[in-house]
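Trainee: Please find one structure pasted underneath; my questions will follow.
The values are calculated or read from the model by the stated rules, or taken from the named source; none is laboratory data. In this text, all values refer to a predicted model and were calculated from it rather than measured experimentally. For neighbour counting, all protein chains shown are included, and Cβ atoms are generated from backbone atoms with ideal geometry for every residue, glycine included.
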Amino acid sequence: PLLRRVSAEFADRATPEQQAEFDAFCADNAEWLDDYALFMALKDAHGGAPWNQWEMDLRGRDPRALDAAAKEHTTIVHGHKFNQWLFYRQYLKLKQYANDKGVQIVGDIPIFVAMDSADAWANPDEFFLDAEFQPTVVAGVPPDYFSATGQLWGNPLYRWDAMKRTGYAWWLRRVKAALRLYDMVRIDHFRGFAAYWEVPAGEATAING
């Protein structure tokens, strides 16, 4: 793919200013970018399989396994970081252009994340997962006028007790990142902070919640 080729040639072709900008982006965003880039590289290496089907040492983020994987997939990891840098670079210019024209950008933060995401992989203790890193309960909506069986969303649910012990650091990082991208942020849906429907994993519908 073109982007992978450009990424591989970046070190040789970049101006000193571009290289410094890329390095600064990686340093400033390391708290999410490092995990994301390695996660995507490992998904590539596993043929797109969900992270909770990988080898147990990678599921459980054994430091030695992560170090070995990062070294093995250095080029691919770099490529994913490079792609993110390009996107942010272009998007923030677009946002500035819109703002200069008096246009504000509104963006959503979904209340839940996907099970097969860098967020869940990098923070397993903050979700209801078993020893094999499979979800024990998932999100949904109870039966109502619109659906007799409810809605089975399947997202892993947060362990709010664990998040509280970290001062909700993951959520604060998430909101901070969104505020960089958008002028106004909507959490969809905000009520999920106060109440949510919990369904045992493996259920075919959302009735038994």
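Trainee: Which residue, of LYS101, LYS81, LYS71, is surrounded by 14 or more Cβ atoms within 10 Å (Cβ to Cβ) and more than 30 Å from TRP197 (Cα to Cα)?
Mentor: After ruling out the rest, the residue left standing is LYS81.
Trainee: Of the residues in the range 182-209, how many are touching a Leu at 6+ places or on another chain (Cβ under 8 Å) and either loosely packed, with under 13 Cβ neighbours inside 10 Å or not small (Gly, Ala, Ser) (or both)?
Mentor: Adding up the residues that qualify gives 7.
Trainee: Within the range 162-177, can one find any residue that is touching a Leu at 6+ places or on another chain (Cβ under 8 Å) and of a type in the set (A, V, I, L, M, F, W, C)?
Mentor: Taking every residue of the range 162-177 in turn, none turns out to be touching a Leu at 6+ places or on another chain (Cβ under 8 Å) and of a type in the set (A, V, I, L, M, F, W, C).
Trainee: Taking the conditions exactly as written (surrounded by fewer than 17 Cβ atoms within 10 Å (Cβ to Cβ), of a type in the set (A, V, I, L, M, F, W, C), farther than 27 Å from ASP130 by Cβ and not assigned by TED's automatic domain parsing to the domain that holds ALA120), does ALA20 satisfy them or not?
Mentor: yes
Trainee: For the range 114-153, name all the residues that are small (Gly, Ala, Ser) and under 25 Å from ALA41 (Cβ atoms).
Mentor: Across the range 114-153, the qualifying residues are ALA114, SER117, ALA118, ALA120, ALA122.
Trainee: Can you give me the number of residues within the range 10-55 that are over 19 Å from the mean Cα position of the chain (by Cα) and within 12 Å of ALA69 (Cβ to Cβ)?
Mentor: Total meeting the criteria: 1.
Trainee: Same structure, new question: For ASP44, are the conditions met, namely being charged (D, E, K, R) and assigned by TED's automatic domain parsing to the domain that holds HIS189?
Mentor: For ASP44, the condition - charged (D, E, K, R) and assigned by TED's automatic domain parsing to the domain that holds HIS189 - is not met.
Trainee: Output the residue which, of all residues in the range 142-181 that are at negative phi and among the hydroxyl-bearing types (Ser, Thr, Tyr), is surrounded by the most Cβ atoms within 10 Å (Cβ to Cβ).
Mentor: That would be TYR158.
Trainee: Scan the range 100-127 residue by residue and report those that are within 21 Å of ASN29 (Cβ to Cβ) and among the polar types (S, T, N, Q).
Mentor: SER117, ASN123 - these are the residues of the range 100-127 that are within 21 Å of ASN29 (Cβ to Cβ) and among the polar types (S, T, N, Q).
Trainee: For the range 1-71, list the helices (runs of 4 or more DSSP H) that sit wholly inside it and hold at least 3 residues that are touching a residue at least 60 places away in the same chain (Cβ under 8 Å) and within 27 Å of ALA177 (Cα to Cα); which are they?
Mentor: Fully inside the range 1-71 and qualifying: 2-13, 16-28, 30-45.
Trainee: When you scan the range 140-192, how many residues do you find that are within 25 Å of LEU58 (Cα to Cα) and in contact with a strand residue (DSSP E or B) (Cβ under 8 Å, 6 or more places away or on another chain)?
Mentor: Number of matching residues: 7.
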